[in-house]
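See below for the structure under consideration.
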Amino acid sequence: MTPEPKTSTVPCQGCRDGAGLDFDFSMAFQPIVDMETGRPFAYEALVRGPAGESAWSVLSQVTEENRYAFDQQCRVRAIETATRAGILDGPARLSINFLPNAVYSSLACIQLTLKTAAANGFPTDRLIFEFTENEQMADPAHVANIVASYQKMGFGTALDDFGAGHAGLNLLARFQTDIIKLDMELIRGLDESLARRTIVAGVVRMCAELGVEVIAEGIETQGELAALRAIGVRYIQGYLLARPGFETLPAVDLPAPQRIAAAG
């Protein structure tokens, strides 16, 4: 199927109105915490089954034939469900995963998202679109165009799982998202590994020079959190602070040292 011209604003046939799915799903939300304030900077929308089943129960049903409709419906469900959960009651943003290979045209394939945001009173500048470098990219130049287009439209952009997958530094050299999310395997046992701390510190310095924010995800221990804070990572996501809440925005549970620091 040939991609539409980049200037088209007519939804492509593959994702028109998100129609074509023969399975249902919902969303869970996990906070990304600003450790300087102790409050959520954003909530990541995570796919779940209609009754809270695992992400795999949904993702295993995604095929080449329905991936375009699925990508569209993920955006719709994330915005609608987060709005019902009360995200607009505070300043936190909403981070939505998307499939770069399922976007034919950055302008055409964003139309349903814009329509959904407008219908829910959701400011588009509070939306972040994140993609993972673990997904093989058939056309990195097309992905760069998507990122540039989304940034021009006022959306935030994020590269997930940085440090794993198919690209890493080469991908960041090609284009710069607003945010990178450090892969959790790079974070695991950070406090006990000089090599990992040195690598993470180097990435943080590099991103500071590029004007890219850093989020560390998958944090499970206070040692990992303390090591990240010592390096200067501000935004943290992981079970230590909050597990995903099914169709709800879970409260943040800061460990005592960080709770005292945020209060001060």
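Residues that are in a strand (DSSP E or B) and touching a helix residue (DSSP H, G or I) at 6+ places or on another chain (Cβ under 7 Å) within the range 23-52 comprise Ser26, Met27, Phe29, Tyr43, Ala45, Leu46, Val47, Arg48, listed in sequence order.
For the range 208-238, taking the residues that are touching a Phe, Trp or Tyr at 6+ places or on another chain (Cβ under 9 Å) and small (Gly, Ala, Ser), the one that is farthest from Gln176 (Cα to Cα) is identified as Gly218. As a summary of the residue check, Ile96 satisfies the conditions (1) touching a residue at least 12 places away in the same chain (Cβ under 8 Å); (2) under 21 Å from Glu247 (Cα atoms); (3) of a type outside the set (D, E, K, R); (4) part of a helix (DSSP H, G or I) except for the one numbered (4).
Could we say that Glu130 is among the acidic types (Asp, Glu) and at pLDDT 90 or above here? Spelling it out, Glu130 is indeed among the acidic types (Asp, Glu) and at pLDDT 90 or above.
Of everything in the range 82-100 that is over 16 Å from the mean Cα position of the chain (by Cα) and over 18 Å from Asp125 (Cα atoms), the residue that is surrounded by the fewest Cβ atoms within 10 Å (Cβ to Cβ) is Arg84. Look at (1) in a helix (DSSP H, G or I); (2) buried (at least 18 other Cβ atoms within 10 Å of the Cβ); (3) touching a strand residue (DSSP E or B) at 6+ places or on another chain (Cβ under 9 Å) and you find that Thr116 fails only one, number (3). Condition check for Leu159 on (1) among the hydrophobic types (A, V, I, L, M, F, W, C); (2) surrounded by 22 or more Cβ atoms within 10 Å (Cβ to Cβ); (3) in a loop (DSSP other than H, G, I, E, B); (4) modelled with pLDDT of 90 or more: one failure, at (3). Ala51 meets the conditions (1) more than 18 Å from the chain's Cα centre (by Cα); (2) of a type in the set (A, V, I, L, M, F, W, C); (3) surrounded by 13 or more Cβ atoms within 10 Å (Cβ to Cβ) in every case but one. The failed one is (3). Close Cβ contacts (under 9 Å, 6 or more residues apart or on different chains) running from residues in the range 212-241 that are assigned to a loop (DSSP other than H, G, I, E, B) to residues that are among the aromatic types (Phe, Trp, Tyr) comprise Gly218/Tyr239; Ile219/Tyr239; Glu220/Tyr239; Arg234/Phe41. For the range 169-207, the set of residues classified as in a loop (DSSP other than H, G, I, E, B), over 30 Å from Gln111 (Cα atoms) and under 19 Å from the mean Cα position of the chain (by Cα) consists of Asp183 only. Go through (1) polar (S, T, N, Q); (2) at pLDDT 90 or above; (3) within 24 Å of Arg126 (Cα to Cα) and name the single condition Thr9 misses. Result: Thr9 passes all but (2).
The values are calculated or read from the model by the stated rules, or taken from the named source; none is laboratory data. Predicted model, so just to flag it, every value in this text is computed and none were measured. All Cβ positions, even for glycine, are placed from backbone atoms using ideal geometry, and neighbour counts span all protein chains on display.
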